[in-house]
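K.L.:
The structure that follows is given in the form of structure tokens.
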Amino acid sequence: MATSNCKYDWFQTETHVTLTILRRGVALEACKALLDPERNTLTITVEGDAIWGGTLAAPVDSSKFVVKCTPAKVEISMPKTTTGRWPALVQVEDAPAASSQAPKKNWDAIEKEAEREEEEATGEAAVDKMFKNIYSNANDDVRRAMMKSYSESNGTVLSTNWDEISKQKTETKPPDSMEFKKWE
């Protein structure tokens, strides 16, 4: 991570990296670029005050540094020791490695919770559960009777007696205080 008390920018070619620090009125004699080749850290100082510092992403050749000072900026051109593109000017601090494993789930506990919620069902959910249980545990005749009675009565009758339902068409029987209207 770079530390700077001035605005800076950088660009690169295959062979060079150029760091531009925006700082007005810096004399060439007052500006120093210090590279520690062992740690690959670069520090730019002006009259003893560090204006930029960081660990470079890859090694550079310190013997061929070019430092330019203009009235508005300090520019440091550094030749790369190996050609190629850098992903960033400075090394990105290693973030803690993300675990390759997803958090473990206790599926037994999740199943028990789902069963408990199912048992506690009230109102329409309880009625739906009851009909689902009847249908899923029934034989083919009971299932056939339930489907035929429900569809022929427009959803007003549900019977499980196939012997009775198979002989005739099931009539629509709306609940008390309601009237059935056929829409055409």
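Read-outs throughout are calculated quantities, based only on the coordinates presented, and are distinct from any laboratory measurement. None of the values given here were measured: they were computed from a predicted structure. Neighbour counts are summed over all protein chains in view; Cβ atoms, including those assigned to glycine, are modelled from backbone coordinates with ideal geometry.
K.L.:
Return one number: the angle in degrees, 0 to 90 and rounded to the nearest 10, between the long axis of the Cα atoms of helix 107-119 and the longest principal axis of the Cα atoms of the chain.
P.N.:
Result, in degrees: 40.
K.L.:
Which cross-chain or sequence-distant (5 or more) residues have an amide H under 5 Å from the amide H of Trp10, H modelled 1.01 Å from N in plane?
P.N.:
Amide H neighbours of Trp10, under 5 Å, 5+ apart: Thr20.
K.L.:
Looking only at Lys112, Lys64, Lys173, which one moves most when the chain is put into a Gaussian network model with springs between Cα atoms under 10 Å?
P.N.:
Lys173
K.L.:
Specify the residue with the greatest mean-square fluctuation among Lys129, Lys167, Lys105, computed from a Gaussian network of the chain linking alpha-carbon atoms under 10 Å apart.
P.N.:
Lys167
K.L.:
List the residues whose amide H sits under 5 Å from the amide H of Thr70, counting only those 5 or more places along or on another chain, with H placed 1.01 Å from N in the peptide plane.
P.N.:
For Thr70, whose amide H was placed from the backbone, the distant partners under 5 Å are Glu75.
K.L.:
Hey, another quick one. Can you list residues whose amide H is under 5 Å from Ser159's amide H, if they're 5+ apart or on another chain and H is modeled 1.01 Å from N?
P.N.:
Ser149, Tyr150
K.L.:
Something else: Cross-link list Lys132/Lys169; Lys104/Lys129; Lys7/Lys68; Lys7/Lys64: which exceed 28 angstrom alpha carbon to alpha carbon?
P.N.:
Lys104/Lys129
K.L.:
What are the aspartates and glutamates whose alpha-carbon lies under 15 Å from the alpha-carbon of Lys182, with same-chain residues fewer than 8 places away excluded?
P.N.:
Cα-Cα hits under 15 Å: Glu152, Glu171.
K.L.:
Compute the distance in nm between two label points, each set 7 Å from the Cα along the Cα-to-Cβ direction, one at Asp61 and one at Ser177.
P.N.:
9.6 nm
K.L.:
Normalised by the residues of the chain, what does the relative contact order come to in percent, with Cα pairs under 8 Å and at least six apart? Intermediate values should be presented prior to the final figure.
P.N.:
Values: 255 pairs, mean separation 28.5, N = 184.
Relative contact order, the chain: 15 percent.
K.L.:
Find which of Met147, Leu22, Ala114 sits farthest along the positive direction of the dipole of the chain, computed with +1 on the beta-carbon of Lys and Arg, -1 on that of Asp and Glu, about the Cα centre.
P.N.:
Value computed over the given set: Leu22.
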